[in-house]
Amino acid sequence: MANTEINFYKQINDQVTEEAGIKYELPSFSFVSEDGELVEMLDTDETGDNIVVQDDSWTPQENNLIYEQRFHIEHPGELFGRDKVTDSANKLGIAVHVYSRSSFFQETIACDGDIYDTDEEITVAFKHVFPKASLRGKIALEFFFYLKDFQKSNPLQASFVGTNLSQSHIYRVVLHVDGDAPLFPITQRDVPGGPLWTVKKLWTDPSVEMFDLSTVQIELNSAHPLIEQVDAGKTRLAVETLSNIIIESMGMIIAQTLADMKEQELSFDDECAEGSIASVVEQWITLHDVDTTNIMTIMSSLKNSDLKDYVATAGDEEDGD
């Protein structure tokens with residue numbers, strides 16, 4: 001039986017979109033080079049709601065990715081009033097749900113700018129920096145209107161701040177990033193007689209240091225007789241082996257990060273740098289509903305999550321399921 005969503009408040013549908021003159025510009029991309037210069041990416045390939053992000057001098061493991069986009073509301077007054085989407089005393093905003101099975105994260109980000117009752121055009125800007133070594137495979141972005149500030153409600157109007165007011169996405173796109181980028185900062189080293197893999201902790205302060213090759217590494221032993229099981233692609237044995245490596249590594253990273261934060265008297269409620277080890281660990285805990293009571297509960301939560309499905313479908317398209 002198909003799921004049917006019934007909303008008892010007014011939303012922004014196709015008719016309202018046309019009346020309010022809601023339009024969007026296509027996104028632009030840039031990155032910061034190793035020399036610290038901002039480089040605009042011109043070689044992105046757009047096909048429908050899919051964009052292949054590529055540039056001769058950009059790699060997802062060595063560079064960040066800066067996503068920018070603007071939305072225009074030519075007649076914002078058409079959204080406000082007693083018989084409209086929300087009352088004139090309220091404010092709307094635009095946010096985006098960003099998620100990726102292959103990159104192991106999801107988050108909702110608010111765009112800059114308020115939408116209020118006026119006869120003048122309003123432009124809302126969005127800018128987000130994806131840290132280096134954080135993107136792999138396909139990343140979906142879905143933009144929507146939401147109730148940003150509430151002062152007054154009329155019949156059939158939403159009254160809770162944060163309520164999604166879009167009947168369908170304002171704009172949806174799937175970014176395609178080099179599929180060969182690793183799920184984690186993964187390196188290989190020839191260690192005859194050594195274990196198949198090890199985790200290296202290279203950070204001191206997880207709240208400010210970035211989650212990348214300079215702070216944490218999963219090191220595969222290219223001399224190990226079982227290395228072919230990891231490199232064999234999407235065979236059942238390869239997926240199972242890689243899944244176990246990722247799950248155990250995540251468990252150790254989560255446990256060590258929590259221990260470091262406790263020792264430094266830090267918490268996730270404190271301001272953690274975007275893309276930091278702590279922010280990545282917090283996303284893992286939320287996304288996979290990890291019980292952080294102790295290392296046993298952490299590992300049990302991860303093993304009972306759908307991480308193995310994430311590894312197996314890392315190259316499949318993000319579909320929002």
| remark: ALA95 fails exactly one of (1) at pLDDT 95 or above; (2) assigned to a loop (DSSP other than H, G, I, E, B), namely (2)
| message | If THR257 satisfies all but one of (1) under 20 Å from the mean Cα position of the chain (by Cα); (2) modelled with pLDDT of 90 or more; (3) among the hydroxyl-bearing types (Ser, Thr, Tyr), what's the number of the condition it fails? | response | (1)
| said: Of everything in region 275-291, what is closer than 21 Å to VAL208 by Cβ and surrounded by fewer than 14 Cβ atoms within 10 Å (Cβ to Cβ)? Give them in sequence order. | reply: THR286
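Within region 292-301, can you find the residues that are assigned to a helix (DSSP H, G or I) and open to solvent by less than 70 Å² (accessible area, probe 1.4 Å)? If you could, list the steps in order and put the result at the bottom.
We begin by selecting, within region 292-301, every residue assigned to a helix (DSSP H, G or I); these are 295-301.
Hits for region 292-301 are THR297, ILE298, MET299, SER300, SER301.
Given the structure, is ILE109 at pLDDT 80 or above and closer than 19 Å to HIS75 by Cα? Break it down into steps so the answer makes sense when it comes.
On the way: at pLDDT 80 or above: yes; closer than 19 Å to HIS75 by Cα: no.
Taking the combined requirement at face value, the residue does not satisfy it.
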| Residue list for region 123-168, restricted to those being closer than 30 Å to THR215 by Cα and in contact with a Cys (Cβ under 8 Å, 6 or more places away or on another chain) | PHE126
| query | Are any residues in region 276-290 farther than 13 Å from LEU258 by Cβ and touching a Pro at 6+ places or on another chain (Cβ under 7 Å), and if so, which ones? | reply | SER276
| query | Residues of region 223-273 being open to solvent by 70 Å² or more (accessible area, probe 1.4 Å), outside any helix (DSSP H, G or I) and more than 21 Å from VAL208 (Cα to Cα), which ones? | reply | PRO225, LEU226, LYS234
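Tell me yes or no: at least one residue of region 129-150 is without any contact (Cβ under 8 Å) to a residue 24 or more places away in the chain and either open to solvent by 30 Å² or more (accessible area, probe 1.4 Å) or closer than 20 Å to SER28 by Cα (or both). Write out each step before concluding.
Step one: filter region 129-150 for residues without any contact (Cβ under 8 Å) to a residue 24 or more places away in the chain, giving none.
For region 129-150, residues without any contact (Cβ under 8 Å) to a residue 24 or more places away in the chain and either open to solvent by 30 Å² or more (accessible area, probe 1.4 Å) or closer than 20 Å to SER28 by Cα (or both): absent.
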| task | Please go through region 14-38 and pick out each residue that is open to solvent by 50 Å² or more (accessible area, probe 1.4 Å) and over 23 Å from GLU68 (Cβ atoms). | result | ASP14, GLN15, GLU18, GLU19
| said: Considering only residues that are under 30 Å from LEU147 (Cβ atoms), in contact with a strand residue (DSSP E or B) (Cβ under 6 Å, 6 or more places away or on another chain) and assigned to a loop (DSSP other than H, G, I, E, B), which ones fall in region 49-84? | reply: ASP49
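The values are calculated or read from the model by the stated rules, or taken from the named source; none is laboratory data. Quantities reported herein were computed from a predicted structural model and do not represent experimental measurements. We place every Cβ from the backbone using ideal geometry, glycine too, and count neighbours over all the protein chains shown. The accessibility values were calculated without ligands, DNA or RNA, using every heavy atom of the protein model including side chains. Shrake-Rupley method; radii C 1.70, N 1.55, O 1.52, S 1.80 Å.
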